[in-house]
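The values are calculated or read from the model by the stated rules, or taken from the named source; none is laboratory data. Keep in mind the model is a prediction, meaning the values are calculated, not measured. Cβ placement follows ideal geometry from the backbone for every residue including glycine, while neighbour counts extend to all protein chains displayed.
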């Protein structure tokens, strides 16, 4: 049975992220969405909130589980017994960054190979940064987020008066 690890900050999880999860499910038997921290980033949501949104977004997918981890990706890779790391890339800048991270992970663990999945056209410009900009205006952008995440944000984060 093959296990794919999909690490990311997921601040919050978007339809683009969810598309990568679904595509990874077509390639591997099980997918673990790993909500992680990057010291170079500041977050709108706590790691717990981000993990909860990822759980809500993937709730109908029995072969997907969500974990939150604040450690190193290569350590989590071994802890889970993962076979591959899967990363979505939207453009050349994403690819260059992710290739650098993949090389680092491989240097720390020769089993930790990374597979890149190119973003599908509808998601090529979608980013969590864009979503957070809209959220900062008090609106959960339903066209960019899974419905369960919009509901969560409206109820828990933005309050019932948001759209």
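Has segment 53-60 got at least one residue that is over 21 Å from residue 117 (Cα atoms) and out of contact with any helix residue (DSSP H, G or I) (no Cβ under 7 Å at 6 or more places or on another chain)?
Yes: one or more hits.
Could you list all residues from segment 28-49 that are in a strand (DSSP E or B) and out of contact with any helix residue (DSSP H, G or I) (no Cβ under 9 Å at 6 or more places or on another chain)?
Once the filter is applied, which keeps residues that are in a strand (DSSP E or B) and out of contact with any helix residue (DSSP H, G or I) (no Cβ under 9 Å at 6 or more places or on another chain), segment 28-49 yields only 30.
Among 4, 24, which is buried (at least 16 other Cβ atoms within 10 Å of the Cβ) and closer than 19 Å to residue 71 by Cβ?
Only one candidate passes the filter, namely 4.
Would you pick out the residues in segment 17-45 that are at pLDDT below 95 and more than 14 Å from the chain's Cα centre (by Cα)?
Within segment 17-45, 39, 40, 41, 42, 44 qualify.
In segment 95-105, is there at least one residue being surrounded by fewer than 17 Cβ atoms within 10 Å (Cβ to Cβ) and within 22 Å of residue 1 (Cα to Cα)?
No.
Within segment 55-76, can you find the residues that are crowded, with 16+ Cβ neighbours inside 10 Å, out of contact with any strand residue (DSSP E or B) (no Cβ under 6 Å at 6 or more places or on another chain) and under 26 Å from residue 103 (Cα atoms)?
74
Does segment 97-120 include one or more residues that are over 16 Å from residue 11 (Cα atoms), without any contact (Cβ under 8 Å) to a residue 24 or more places away in the chain and under 15 Å from the mean Cα position of the chain (by Cα)?
yes
Hey, can you tell me all the residues within segment 71-81 that are over 16 Å from the mean Cα position of the chain (by Cα) and closer than 19 Å to residue 27 by Cβ?
Result: 80, 81.
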